[in-house]
C-alpha cells in the first residue's frame, strides 16, 4: 500500500497475503471476459460524469439521507476489463462532516446466482485517497486511473462473496470530495449507501435484508464509524446489521500521527491526513505550516497512499512551524482530532470481529517504543485497538479480538480475511457471536487530547 509497493510488486505481495485462490478467481473471470470483450474505454471521471452530481428539485436539504437520486446499471470492471457481473450504481443523498447535505455514489454488485433470501455484504474499500478518481464506483464502471492496484486486489477479495450468492455493496466511503481520514463522513456515506441499496428496486434487496459490514485499514474506518453511528443516525439499518468485521484499525488519529512520525514506511501519510482533515472540516492550517509542510500538502492534494509524495522519516517539526512543537499546540487541530477519537463516542450495538497486528517495527519500519503509544502494525496502534475493544466489551458488545503477533499492516490482512469470512457466515446464519472480552489485555488511554498550555 506504499508507493514502493505499487504495481506488480504490490499485487504479488497482496496475492500471497490475501490468498492465491481469490486472486486466481478474479483474474480468471477477467481473462475469460477479455477473450470475448475488449478492454473498455475509460469512463468519464467523477468530476466529468454528470451522474455524480445533483442539481434537481427539491433541494438536497429537503431530501432525506439515503434517498436515491439517480440509478444506472454498468458491468463490473476489473482493471478496465468488463466482467459478467452487473453493478447497480446509485447516486444518493448523504451528510458531510459539518452536517451539510451531500451526494454520493454506491455500487451494488449483483451475484451471478442469487440466494433465495438475499443477504448483503457492505464492503468498505481501503482506497485511502484524496482523489475522486480512486473512488471504487469509478473503478467499477471501467475507470482506468493509475491507482488501480488497490482496486484489482479488492476485486479479488469480494469475488468469493459474489460467487456465494451475496449481494455486495461497495460505497464510495470518502464521499464526493474524497474526505480522506474523516471517520464520521465514512460512516454517514456507508449507512446512507445501505439505505439507498435497500430502497432501490434495481438491487433486489429490501427492508429486513440481513447486512454484514467488513473493512480493513481505511475500510475499517468506515466500518467502525458506520456501526457506531447506526443506532442514532440510521436505526432502521442498525436493526438489520448482523455484525461487523474490521482489521488494521484506526482509533485515535492524534495518536497515529505520533506513531508514524519518523517511520521509514508510513511517515508520508502525515501531510495526507492533514489535507483530509482540512478539506473535510474546512480548516485553514496554512498559518501553522512550514514552507516544506505547505509544499507537501499541496503536492498531496490529489494523491492516494499508493502514489503520495514519499517522505521516509518525516517528522512533525518538518511540517509545522517551531512555535507549534506538538499537535496539542494547535487548538483547531485539537478540537477536530477529538471529534475523530472513537474512544470518545458511544459504542455500537452489534457484534464485532477485530484483528490488529503489532509487528510494525519489523515489517514497516515504525518504532514501537513511544510512551503512551507502544507497538502497532506500522500505521495502526495495537494498544489503542485493545482499549477500544475493552471499552465496547464494557458496553455489552460481543467482541472477538485477535492481536496478530509480529505482523505488519499489510501482513495482518492475511489472517484477518479468512477469519472475517467464517465469522460473517456464522452471523448471517444466526449463530451466537463469540467473544473473548476477558482475555483482551489493557491498552492505551483514549482520553481526549488537551490543548497545550502557553
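Readers should treat all values here as calculations from the given coordinates under stated rules, not as data from a laboratory. Not measured: the values here are computed from a predicted model. For neighbour counting, all protein chains shown are included, and Cβ atoms are generated from backbone atoms with ideal geometry for every residue, glycine included.
Assorted remarks:
- Cα gyration tensor category, rounded, prolate or oblate, for the stretch 254-339 with a/c compared to 1.5: rounded
- With both labels modelled 7 Å from their Cα along Cα-to-Cβ, the residue 163 to residue 236 distance reads 3.6 nm.
- Beta bridges per DSSP with both ends in the stretch 285-407, % antiparallel, nearest 5: 25 percent
- Antiparallel DSSP beta bridges within the chain, as percent of all bridges there, nearest 5: 50 percent
- Folded to 0 to 90 degrees: helix 382-394 orientation relative to the chain principal axis, Cα: 70 degrees
- Rg/Rh for the chain, where both radii come from Cα atoms and Rh is the Kirkwood radius: 0.94
- Whether the stretch 69-180 is rounded, prolate or oblate, judged on the alpha carbon gyration tensor where a/c under 1.5 counts as rounded: oblate
- Packing, as the average of other Cβ atoms within 10 Å across residues, places the peptides 49-58, 384-393 in the order 384-393, 49-58, highest first.
- Packing around the peptides 221-227, 247-253, 65-71, taken as the average count of other Cβ atoms within 10 Å per residue, puts them in this order, highest first: 221-227, 247-253, 65-71.
- Relative contact order %, the chain, counting alpha carbon pairs below 8 Å whose residues are six or more apart: 15 percent
- Degrees between helix 149-163 axis and first principal axis of the chain (Cα, 0 to 90, nearest 10): 50 degrees
- Relative contact order of the stretch 340-439: 32 percent, from C-alpha pairs under 8 Å at least 6 residues apart in sequence.
- Least to most buried among 119, 211 (fewest other Cβ within 10 Å first): 119, 211
- Tilt relative to the chain, helix 20-36 - C-alpha long axis, 0 to 90 degrees, to 10: 50 degrees
- Here 76, 126 are placed in order of increasing Cβ neighbour count within 10 Å, fewest first, which gives 126, 76.
- Cα shape, the stretch 340-439, gyration tensor, a/c 1.5 rule: oblate
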